[in-house]
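K.L.:
Dropping a structure here in structure tokens format, bear with me for questions.
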Amino acid sequence: MASTTQQIQTPPGRRSRPRSTGRAGDRIFLGLSRGSGILLLVIMASIAVFLTYRAAIAISKDEGNFLTTFDWNPAGDPPVFGIAVLLFGTVVSSVIAMAIAVPVAVGIALFISHYAPRKLAGPIAYVIDLLAAVPSIVYGIWGALVLVPYLEGLNLWLDQFFGWTYVFEKTEIGVARSLFTVGILLAIMILPIVTSVSREVFLQVPRMNEEAALALGATRWEVIRLSVLPFGRSGIISASMLGLGRALGETMAVATVLSPNFLISLHVLNPGGGTFAQNIAAKFGEADAFGRDALIASGLVLFVLTLLVNGAARLIIARRKEYSGANA
């Protein structure tokens, strides 16, 4: 009985490829990948060390409470500065932006991926992606010249019908250079990011899941609610965190629109307020060495805030194992 085992011989004139070459390529790729990861950690650590060192110099000479002081005067004698107003303005404007942008972005992404005809979905997706390439200063100029004047009517309407909520009560007369206006502008700016990522996630939903739901008699909305949204929930969270990261650190657009002051007010329609990025951009050029250290200290808080937001997003996704791929 002939043996079924056959040896594959190398054709004449062709050299067999040494296996060591493939192993060497694997080792090189592993080294480059590992080195890239280590380099990223080193860069992050060096940024954190630099910010912490310079911030410690400034905070050690601050005569006020760095976390609760409602003033920014590092050039004074004695120097007094704090981040209470900046932290409040950054968080409030970002929350307003997320509350407006995320539902609209998810709706646009669902329309492009599941409702719009193919001939219409392509141009809409292209325009949405194009908005992400617009420089922030252009958004700021448009916001100052167009958005601010036209929001006066909306502010009066909100004050008339929702002033009882205290948040939308307008107690000061002035143009709409407020945290609410900043939140709307930031929502427009982060809309393309959240929309693009959410759209790509929705397009990755297994087709058989949708067809199975339709075969059971589900409507188009039920298919989206039962198949698409659960599958894309982690993607929506990731897209939202990307948008939030831009909203937290946006500088030029906020500096162009906002009329800053160092007062905390829950009336979001009143002019005034401030954010970390806007304060750094506005005061860095005129600050002395100690003033720059104080601004770096505020930048350290923004750096930590961004890390906490991204860490919280990762924790939310990890706790939902069915959405993070752990059960795949």
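K.L.:
Say whether the condition of being among the small types (Gly, Ala, Ser), within 27 Å of Asp159 (Cα to Cα) and open to solvent by 40 Å² or more (accessible area, probe 1.4 Å) is met by at least one residue in the stretch 227-243.
P.N.:
No, the stretch 227-243 has no match at all.
K.L.:
Ok, one more. Which residue pairs have Cβ atoms under 6 Å apart, sit 6 or more places apart or on different chains, and have a first residue in the stretch 172-186 that is open to solvent by less than 10 Å² (accessible area, probe 1.4 Å) and a second that is part of a helix (DSSP H, G or I) and among the acidic types (Asp, Glu)?
P.N.:
If the second residue must be part of a helix (DSSP H, G or I) and among the acidic types (Asp, Glu), the pairs left are Ala176/Glu152.
K.L.:
Specify the residue that is least open to solvent (accessible area, probe 1.4 Å); the eligible residues are those in the stretch 158-170 that are closer than 23 Å to Val104 by Cβ, of a type outside the set (Ser, Thr, Tyr) and part of a helix (DSSP H, G or I).
P.N.:
Leu158
K.L.:
Shifting gears a bit: Mind checking which pairs have a first residue in the stretch 187-215 that is more than 22 Å from Ala101 (Cα to Cα) and open to solvent by 50 Å² or more (accessible area, probe 1.4 Å) and a second that is among the small types (Gly, Ala, Ser) and in a helix (DSSP H, G or I), Cβ under 6 Å, 6 or more apart or different chains?
P.N.:
Every condition considered, the pairs that remain are Asn209/Ser227.
K.L.:
Taking into account only those residues within the stretch 81-105 that are surrounded by fewer than 17 Cβ atoms within 10 Å (Cβ to Cβ) and of a type in the set (A, V, I, L, M), which is farthest from the chain's Cα centre (by Cα)?
P.N.:
Checked the stretch 81-105; the qualifying residue farthest from the chain's Cα centre (by Cα) is Val104.
K.L.:
Among residues belonging to the stretch 26-61 that are open to solvent by less than 80 Å² (accessible area, probe 1.4 Å) and polar (S, T, N, Q), point out the one that is farthest from the chain's Cα centre (by Cα).
P.N.:
For the stretch 26-61, the residue satisfying everything is Ser33.
K.L.:
May I ask you to verify whether Gly245 is assigned to a helix (DSSP H, G or I), touching a residue at least 24 places away in the same chain (Cβ under 8 Å) and out of contact with any His (no Cβ under 8 Å at 6 or more places or on another chain)?
P.N.:
Considered against the rule, which asks whether it is assigned to a helix (DSSP H, G or I), touching a residue at least 24 places away in the same chain (Cβ under 8 Å) and out of contact with any His (no Cβ under 8 Å at 6 or more places or on another chain), Gly245 comes out as yes.
One line per residue, one yes/no per condition, for (1) among the hydrophobic types (A, V, I, L, M, F, W, C); (2) outside any loop (DSSP other than H, G, I, E, B):
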| position | (1), (2) |
| --- | --- |
| Ile193 | yes, yes |
| Val201 | yes, yes |
| Val205 | yes, no |
| Val223 | yes, yes |
| Ser227 | no, yes |
| Pro230 | no, yes |
| Arg233 | no, yes |
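K.L.:
List every residue pair whose Cβ atoms sit under 6 Å apart, with the two residues 6 or more apart in sequence or on different chains, where the first one lies in the stretch 291-303 and is open to solvent by 20 Å² or more (accessible area, probe 1.4 Å) and the second, anywhere, is not aliphatic (A, V, I, L, M).
P.N.:
Correct list of pairs: Ile296/Arg54; Leu302/Phe276.
K.L.:
Looking at Asn279, Asn261, can you tell me which residue is at pLDDT 85 or above, in a helix (DSSP H, G or I) and either within 30 Å of Thr171 (Cβ to Cβ) or open to solvent by less than 10 Å² (accessible area, probe 1.4 Å) (or both)?
P.N.:
When all the criteria are applied, what remains is Asn279.
K.L.:
Of the conditions (1) in a helix (DSSP H, G or I); (2) out of contact with any helix residue (DSSP H, G or I) (no Cβ under 6 Å at 6 or more places or on another chain); (3) open to solvent by 50 Å² or more (accessible area, probe 1.4 Å); (4) modelled with pLDDT of 85 or more, Asn155 fails just one. Which one is it?
P.N.:
With (1) in a helix (DSSP H, G or I); (2) out of contact with any helix residue (DSSP H, G or I) (no Cβ under 6 Å at 6 or more places or on another chain); (3) open to solvent by 50 Å² or more (accessible area, probe 1.4 Å); (4) modelled with pLDDT of 85 or more applied to Asn155, the lone miss is (3).
K.L.:
Another question, if that's okay. If you check Ala239 against the conditions, is it hydrophobic (A, V, I, L, M, F, W, C), in contact with a helix residue (DSSP H, G or I) (Cβ under 9 Å, 6 or more places away or on another chain) and without any contact (Cβ under 8 Å) to a residue 12 or more places away in the chain?
P.N.:
Considered against the rule, which asks whether it is hydrophobic (A, V, I, L, M, F, W, C), in contact with a helix residue (DSSP H, G or I) (Cβ under 9 Å, 6 or more places away or on another chain) and without any contact (Cβ under 8 Å) to a residue 12 or more places away in the chain, Ala239 comes out as no.
K.L.:
Something else about it: Could you grab me the full set of residues in the stretch 62-74 that are closer than 17 Å to Asn279 by Cα and open to solvent by 80 Å² or more (accessible area, probe 1.4 Å)?
P.N.:
Scanning the stretch 62-74 gives Leu67, Thr68, Phe70.
K.L.:
Given the conditions (1) in a loop (DSSP other than H, G, I, E, B); (2) among the hydrophobic types (A, V, I, L, M, F, W, C); (3) under 27 Å from the mean Cα position of the chain (by Cα), and given that Ile173 satisfies all but one, which numbered condition is not satisfied?
P.N.:
Here Ile173 meets the rest and fails (3).
K.L.:
Taking the conditions exactly as written (crowded, with 16+ Cβ neighbours inside 10 Å and hydroxyl-bearing (Ser, Thr, Tyr)), does Thr219 satisfy them or not?
P.N.:
No: the conditions fail for Thr219.
The values are calculated or read from the model by the stated rules, or taken from the named source; none is laboratory data. Predicted model only: the values in this text are computed from it and were never measured. Cβ sites come from the backbone with ideal geometry, for glycine too, and all protein chains shown count toward neighbours. Remember, those area values only see protein heavy atoms, side chains included, never the ligands or the DNA or RNA. Shrake-Rupley method; radii C 1.70, N 1.55, O 1.52, S 1.80 Å.
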